[in-house]
Amino acid sequence: MGRMSVPALAVLAAAWPLPAAHAQELTVKPIIDARLHFEHIDQDGIAMPADALTIRTRAGAELGHGPFSLLVEGEATAVVIDRYNDGFNGLARPVVADPGNAELNRAQLRYTDHGLAFTVGRQRLELADQRFVGPAAWRQNEQTFDAARLQWTGLKRLTVDATYAWSVRTVNGNKGTPARPQSINGDNIFVIVSYAAPVGTLSGFAYLVDQDSAALSGFRLSSQTYGARLSGTQPLGGGWKLGYTASLARQSAYARNPNRYAATYGLAEANLSHKAVTGTAGFEVLGAGSGTPLTSVQTPLASFFRFQGWASKFTITPPDGVRDAYATLAANWKHDGWISNYGLGATYHRLTSDRLARRYGDELDLIASARIKGYTVAARLAHYVSRSFSANTDKVLVTVDWQL
């Protein structure tokens with residue numbers, strides 16, 4: 001399939017003829033959201049800390065007519081405090097991957113009717129828990145995909161979700177270089193087939209990731225991953241509820257990847273909740289192959305901030321893999337008034353290698369958040385203590401989100 005120009009797609013869509021006026025009315029839904037993001041990083045081995053203050057805005061609209069809709073959205077990131085390495089300016093400070101940016105974020109046509117949804121164009125993908133494919137929403141410049149996606153729920157309890165993506169629009173924005181590109185072409189295929197059983201949702205999945213760029217590790221980030229996942233919840237009585245997730249997969253080389261490897265991915269997680277309080281314990285393994293670089297389980301299209309700690313030390317899995325044993329205690333309260341809800345949380349990660357039994361480090365993550373008159377405010381602290389991998393790092397993260 002040839003590469004499709006999304007701006008051209010949007011222009012063609014604007015000329016799309018609508019049915020007769022007496023059928024269904026045209027609806028217009030505005031899209032406006034903004035985020036103020038402050039990030040401070042103090043990392044051993046780098047003399048100067050990083051201080052980044054950025055403002056990201058998105059604006060657009062979704063037009064609907066019967067089963068059809070057209071969505072167009074732009075995105076811009078403005079830098080207010082620039083004492084950080086944005087990946088391009090070469091400053092001798094820690095990296096905060098939020099460069100200034102202005103670009104077309106989404107431009108998609110969508111058809112939805114009778115259990116079928118088809119979306120084509122530049123779009124957001126949030127698949128399963130986003131471990132393999134997600135929008136990297138923590139970064140100011142969202143990761144989106146030029147893709148065609150089919151979702152089908154035509155049979156009771158059965159869901160089919162299949163996507164072909166020919167380009168990934170990265171968090172690097174419009175300042176992209178070959179080593180940190182704005183977009184990465186490739187024949188990416190993502191398929192999830194799910195069945196809603198009484199015990200939970202059972203899914204089989206295939207993620208075929210084609211990073212068709214020699215500058216990105218010589219094509220060594222291309223992989224094929226096949227596996228299964230179970231996720232569900234069960235009431236226990238007395239207001240208690242048990243949630244659980246288990247996943248197992250096998251990854252190997254795909255497309256032009258010159259490595260020949262096979263590595264195992266695994267996840268086991270359980271959480272127990274009662275009213276406002278939730279406790280979670282989990283164990284995730286990104287397995288190693290031979291110990292050669294990039295022969296461990298790699299997830300270059302993931303939403304990394306959700307996994308292995310907010311210090312973000314493992315966006316590229318080390319050659320010996322990663323084992324993450326983690327526990328979270330969180331509480332969230334709802335309230336009537338100008339503060340409508342607020343929460344506290346703490347997570348501990350014990351990070352080791354999958355191969356050769358090496359202790360990488362430990363991380364403590366803390367969060368306090370509140371919803372205040374339409375604004376969501378959150379303050380986070382990440383404290384990573386290195387045992388043998390990377391360097392001691394402290395991060396302070398503050399965000400203020402608003403959307404129409």
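Read the figures in this text as sums done on the coordinates, not as results from a lab. Predicted model, so just to flag it, every value in this text is computed and none were measured. Cβ placement follows ideal geometry from the backbone for every residue including glycine, while neighbour counts extend to all protein chains displayed.
As a proxy for reagent exposure, I46, I32 were ordered by neighbouring Cβ count within 10 angstrom, fewest first; the result is I32, I46. Taking each residue as 0.36 nm, the span from A378 to L116 lengthens on full extension beyond its C-alpha to C-alpha distance by 90.6 nm. The simple spin-label model puts a point 7 Å past each Cα toward its Cβ; for V193 and A92 those points are separated by 5.7 nm. By the helix-only formula, in which each DSSP H run with n ≥ 4 contributes -39500 (n - 2.57) and the sum is divided by residues, the chain has a 222 nm mean residue ellipticity of -500 deg cm²/dmol. Largest GNM mean-square fluctuation among D362, D336, D354, using the chain with Cα springs under 10 Å: D336. Using Cβ point charges alone (K and R +1, D and E -1), the dipole size of segment 167-295 about the Cα centre works out to roughly 180 debye. Residues whose amide H lies under 5 Å from that of L91, counting only those 5 or more places away or on a different chain, are D86; hydrogens are built 1.01 Å from N in the peptide plane. Result for the chain in a Gaussian network model with C-alpha springs under 10 Å: among A137, A59, A357, the largest mean-square fluctuation is at A357. When the Gaussian network model of the chain links Cα atoms closer than 10 Å, the mean-square fluctuations of W166, W310, W333 top out at W333. Rounded to the nearest 20, the size of the Cβ-charge dipole of segment 281-404 about its Cα centre is 60 debye, with Lys and Arg at +1 and Asp and Glu at -1.
Each of (i) 18.3; (ii) 21.5; (iii) 20.3 is a candidate for mean projected area of the Cα convex hull in nm²; the one calculated from this structure is (ii).
Contact order normalised by length for segment 6-403, with contacts defined as Cα pairs under 8 Å and 6 or more residues apart; what percent is it?
11 percent
Shown for T352, T57: other C-beta atoms within 10 Å of each C-beta, ranked fewest to most, produce the order T57, T352. Once the chain from H274 to A262 is taken as fully extended at 0.36 nm per residue, the excess over their C-alpha distance is 0.2 nm. Remark: segment 274-288, residue by residue, has Karplus-estimated 3J(HN,Hα) of 8, 6, 8, 10, 9, x, 10, 9, x, 9, 10, 10, 9, x, 9 Hz, where x stands for each Gly or Pro and the curve is 6.51 cos²θ - 1.76 cosθ + 1.60 at θ = phi - 60°. Simple point charges give the picture: +1 on the Cβ of Lys and Arg, -1 on the Cβ of Asp and Glu, and for the chain a dipole about the Cα centre of about 560 debye. Residue separation of D44 and A59 scaled by 0.36 nm, minus their Cα-Cα distance, works out to 1.5 nm of gained length.
Here the calculated FRET efficiency for Q151 and L230, from their Cβ-Cβ distance with R0 = 25 Å, stands at 0.80, rounded to the nearest 0.05.
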